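In what follows, a single structure is set out as structure tokens and then discussed.
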Amino acid sequence: MTQNIDSLLRAYYTNLSEKYKQIADYILKTEHFNQSLTIQEFAADCGVSTATISRFAKMLTFANFQALKMALLAKQATPTDNPLFHEISNNDDYLTMADKIFASNTNALKATRSLLTEAQLRQAVDYINQAKRLSLFGLGASGIVAQDGYHKFLRTAIPTVYSQDYHLQLMQATQLTKQDCALIISHSGQNKDALEIARILKERHVPLIVITSFGNSTLAKLGDVTLLSISEETNYRAEALHALIAQISIVDSLFMMVAVNNGPQTEQSFKAIRTEIDRTRQK
């Protein structure tokens, strides 16, 4: 599946240089690209050099211009008439509001899915599977995603840790080694506390999986694997709330992949947890 180029650009756009924004703006406003398009023609259309186009493609994780071109051509097969996120009006009845929220969440999930690659997911799962410990980090709303992930990964045979308190998260980071794995969630990728945790992890050579909505953010660049969630602000809902749905789904996907990979151990862990939980329920 070809990555959705418009969704990818929106995830990177905020932190792009002026030259890169020039290219992004041209791509976002252009619906159709010619199959015979050359890098020279594309550079001329964007008003930049061919070298800038090559660097732009690699910044977006495409191997070369040809890979970027495939994503540009794929735009023609993707309808863009419907908005990704729907504005809520005070004239809407409650069912209409619910329809818009459900549609926006569905679109956020589809757009996020379009940015995932097999290579990224395989690398992330390998890091988790090979880890002696999995440590999750997230602050504020991102902490909700981290805690949800903690709740899930506790069901695997991989020792998993998470703390809501920032200072405890700092301490947690200092205890990790290159034999462990860290998963850090930050919507903006620029939160100074999240970046401090990432700095400690990088100094300790801990394999780092990052989930963020901004592909060119400082945190995104620090990740050994960076998984992007798509979000956009609407009139009654901050973009971070849209991102939560997508980020939880990414974590859920990683959990299921790890669980399936470690079938017998996961099944054993599931049974032990279910037995203890069942004991707490009234007969």
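The values are calculated or read from the model by the stated rules, or taken from the named source; none is laboratory data. In this text, all values refer to a predicted model and were calculated from it rather than measured experimentally. Using ideal geometry, Cβ is built from the backbone for each residue, glycine included, and neighbour counts are taken over all protein chains shown.
Key figures
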{"item": "Hits in the stretch 148-165 - residues which are without any contact (Cβ under 8 Å) to a residue 60 or more places away in the chain, part of a helix (DSSP H, G or I) and either of a type in the set (A, V, I, L, M, F, W, C) or buried (at least 16 other Cβ atoms within 10 Å of the Cβ) (or both)", "result": "150"}
{"item": "Residue 133 vs. criteria among the charged types (D, E, K, R), surrounded by 15 or more Cβ atoms within 10 Å (Cβ to Cβ) and closer than 23 Å to residue 212 by Cβ", "result": "yes"}
{"item": "Among (1) modelled with pLDDT of 95 or more; (2) crowded, with 24+ Cβ neighbours inside 10 Å; (3) over 30 Å from residue 268 (Cβ atoms) - the single one residue 199 does not satisfy", "result": "(2)"}
{"item": "Criterion: under 19 Å from residue 223 (Cα atoms) and among the basic types (Lys, Arg) - qualifying residue of 122, 155", "result": "122"}
{"item": "Top-ranked residue of the stretch 69-98 - restricted to ones that are among the β-branched types (Val, Ile, Thr) and at pLDDT below 80, ranked as farthest from residue 29 (Cα to Cα)", "result": "88"}
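Conditions (1) modelled with pLDDT under 95; (2) over 16 Å from residue 258 (Cα atoms), marked per residue:
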residue	(1), (2)
148	no, no
167	no, yes
178	no, yes
181	no, no
187	yes, yes
